[in-house]
Every structure is written in C-alpha cells, then in structure tokens.
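Report on the following structure.
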C-alpha cells in the first residue's frame, strides 16, 4: 500500500469554471502541482474514463499523482494513483488494498474525521474551512479553529478545502493542516504559474 | 458465468415512488423473474453497496441472476453476477478487464449497428429497444417495432433482450421474433400488483 502523502497542494478540477480542462491541468502540472483530483460530476462514465486516460498520460510526465473522485472502476482503468471519496463513497475495506491506491475522504466534522482514520483512509479533506460559492448552500464555513481541532485529533494528513487562497493556505498550515486543496483559485487563475508560486511561498512546498 | 435471465426486471424509483429498489426486487423474484437489474443512477456508492448486497442475497436464495447498471466498481465490490452498460457508461471491453470472463456484461443498442458494436465489444447479451412507446425514459427516437427486432435477432448472435413498452398484451409478439428474453420496468413497477404482473409476463415467455 502506498500511503506516503508527500504533496501539500491538491488541485481539484471543475470544468464548469473553465471548460478547457486539459490546458489548465497541463499548465498546473508544468508549474509543479504534485496532485490532481479529477472531480467532474457532470460527465458520463464513458467521458470521464476518456478524460482520465488523457490526464493520466499528462500527469505521468511531471510525476504528478492523479486522483479520481468517487469511481473506483475509473480509477483502476485509468491507472490513477489514488481515489478520493465523498462521505457517501466506498471504504478502504471494500477493496483490495494490495493495488497500491491512495484513498482519501472528504469529511465535514470531527467525528467523520476520526471515523475516516479508523476506516483506513490515507488522508482527509476537511472543509469548507472558508466561505466558498460552491458550498454556500451547506451553511456557515467550519473555520480555522475547527480545522485545528481536527488536525490535533487524527494522525493522518489533513488537507483544508473551501475558499483557499495563498494567504488562507498559510493560516491553514499554521493551524496544523498538512496541506490544502484548491479548486476555484486555480481553475479561474489568469496566471496559473504565478498562483502556484504564491501558494508555494505560503506553505513551503507544493 | 451465471445464466442470463429471460425475464429481467429493472428496479426504478424515478418513475414511481411507492416501492424501493429492494421492494421491487423482492416482488419481481416472487413473481418469477430470473434476472434483476439494479438501476439507481443518482445513489451514493455506500448506499448502493448496501442495497446491492441485500438484493444479491435474495437473488442467490432463489437462483436469480443479479446485475447492476453502470457501476462496474459496485459490481466488483458486491460480487454481483454482472453489469448492464449503456452507451454512455464504461465501454464493454474496458469493463471486461475489471470483471473477467465469468461475469455477465450486457450492452445497450438502439440499432443494428449499435448491436453489432456491442457484440464485437464483447457483450454477453444486448438490451435492444425501445420496441414500443415507453414512459420509463425520455426517448426522442421512434419505437423500433417487431419487424426491426426480428431482423436484429436474425443478424446478431448474442442473446437479444427486448426492452421498451413491453406488457403482458404484447410480450407474445415480442417473443415470436425469436429474441432471448424481455426486460421490463413500467409494466411491473406501475402495476397494482407487481408480483402478479411478473407472473403474467413469465407465462408469455
């Protein structure tokens, strides 16, 4: 099982924010992103597999870890490095972990964070830490103090997600987060290399 | 590989809210269906695994074949008998890499060409339709009709399971084309007594 999480920034895709996904991911990989999660809920399985295979080839060139959201079958067929699960997703116990696949989970509470660790997930994504348009419907953000509590309560890497920009990324890491996950800030960036440099400066490494 | 059923009931909770997936499977098995297809596109994986596990147990007891729509991963995890893949799902040959040759993979086709493609891609059966006007799914195309079905049955070697608007009234005509079996949704889940509806269809095969 691969469990060493040596990246600190996960770039999560959303082609609704920028339809030219391939170009954005290519730029991000070229600028040093170490982990990309394909999260395209609107795509059919057929389209998702096609996209995942294209991005697999791309990510390989820069040694970027490729994650698929939710679909274990697509992760296997595209040779992804990891699988990222929503709270209603599959568990590590469901699959044969000999297949060296990193498994992460989204959590929205301290209890869920502890449970994810107990269930054998390699890392968690906790959020939304800050206000973000995508998650407004779920109510108030969690805030830095809750993030800190979660980080102090589990022994697996915690990535902060939700409204993360370079300044906030620094605060998250100071609160104990191993790293951050970014969607909007990169998908909408007019200069991806510069945005990534800013993140790197804020948290030490990508 | 488990035997491909001739009377397949597809669970559906979008065109009706009275019954759950498990309810439909239970009534279908009681009525004599020999294949159940779990179709729950909107459902989260963990719930799907639970429901698939429950239905699979019921199917094993009665020697009924159990397949899952779209989700190859859920079929792997629950050890279901196979999957049914639509044209927008994972390609059949890719699914075969994950499931091996002992699992059933069914494909969807709406024309002779698509049926040929599915056959060449390694489908174990083809769901062909829609034969009659159906209200289960929004279908922009015209129904295929019996004549077209007959031609497909003649030209395609893998079993053809007819789907779309099949009822107790027209099931006899459908089976007279020489097709392998039928798949039903509305005529079962919308019936006042689904188990009885399945029993009626079973007699027509």
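The values are calculated or read from the model by the stated rules, or taken from the named source; none is laboratory data. The structure presented is a predicted model; accordingly, all values stated were derived computationally and were not measured. Because the Cβ atoms are built from the backbone with ideal geometry, glycine has one as well, and the counts that use them run over all protein chains shown.
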**Prompt:** When you go through (1) on the phi > 0 side of the Ramachandran plot; (2) crowded, with 18+ Cβ neighbours inside 10 Å one by one for residue A:172, which number turns out not to apply?
**Reply:** (1)
**Prompt:** What single numbered condition from (1) at negative phi; (2) crowded, with 20+ Cβ neighbours inside 10 Å; (3) under 17 Å from the mean Cα position of the chain (by Cα) fails to hold for residue B:88?
**Reply:** (2)
**Prompt:** Quick one: which of B:24, B:105, B:68, B:15 is more than 14 Å from chain A (Cβ to nearest Cβ) and touching a strand residue (DSSP E or B) at 6+ places or on another chain (Cβ under 9 Å)?
**Reply:** B:24
**Request:** Test each condition in (1) modelled with pLDDT of 95 or more; (2) touching a helix residue (DSSP H, G or I) at 6+ places or on another chain (Cβ under 8 Å) for residue A:161 and report the one that comes out false.
**Result:** (2)
**Request:** Working carefully through the options A:74, A:57, find the one that is at pLDDT 95 or above and closer than 25 Å to residue B:78 by Cα.
**Result:** A:74
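What helices (runs of 4 or more DSSP H), lying completely within the stretch B:7-84, carry at least 2 residues that are under 22 Å from residue A:83 (Cα atoms) and without any contact (Cβ under 8 Å) to a residue 12 or more places away in the chain? Break it down stepwise before answering.
Numbers: elements: B:21-31, B:45-61, B:72-78.
Where helices (runs of 4 or more DSSP H) fall fully within the stretch B:7-84 and carry at least 2 residues being under 22 Å from residue A:83 (Cα atoms) and without any contact (Cβ under 8 Å) to a residue 12 or more places away in the chain, they are B:45-61.
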**Message:** Take the residues in the stretch B:91-108 that are surrounded by fewer than 22 Cβ atoms within 10 Å (Cβ to Cβ) and in contact (Cβ under 8 Å) with a residue 40 or more places away in the chain; name whichever of them is nearest to the chain's Cα centre (by Cα).
**Reply:** B:103
**Asked** Restricting attention to the stretch B:135-159, which residues are in contact with a helix residue (DSSP H, G or I) (Cβ under 7 Å, 6 or more places away or on another chain) and farther than 13 Å from residue B:111 by Cβ?
**Response** B:135, B:136, B:146, B:157, B:158
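If we keep just the residues of the stretch A:1-25 that are within 13 Å of residue A:65 (Cα to Cα) and surrounded by fewer than 19 Cβ atoms within 10 Å (Cβ to Cβ), which is modelled with the highest pLDDT? Give the derivation first.
Going residue by residue through the stretch A:1-25, those that are within 13 Å of residue A:65 (Cα to Cα) are A:2-12, A:25.
After this cut, where a residue has to be surrounded by fewer than 19 Cβ atoms within 10 Å (Cβ to Cβ) as well, the list is A:2-4, A:6.
Numbers: A:2: 45, A:3: 48, A:4: 78, A:6: 93.
Within the stretch A:1-25, the match that is modelled with the highest pLDDT is A:6.
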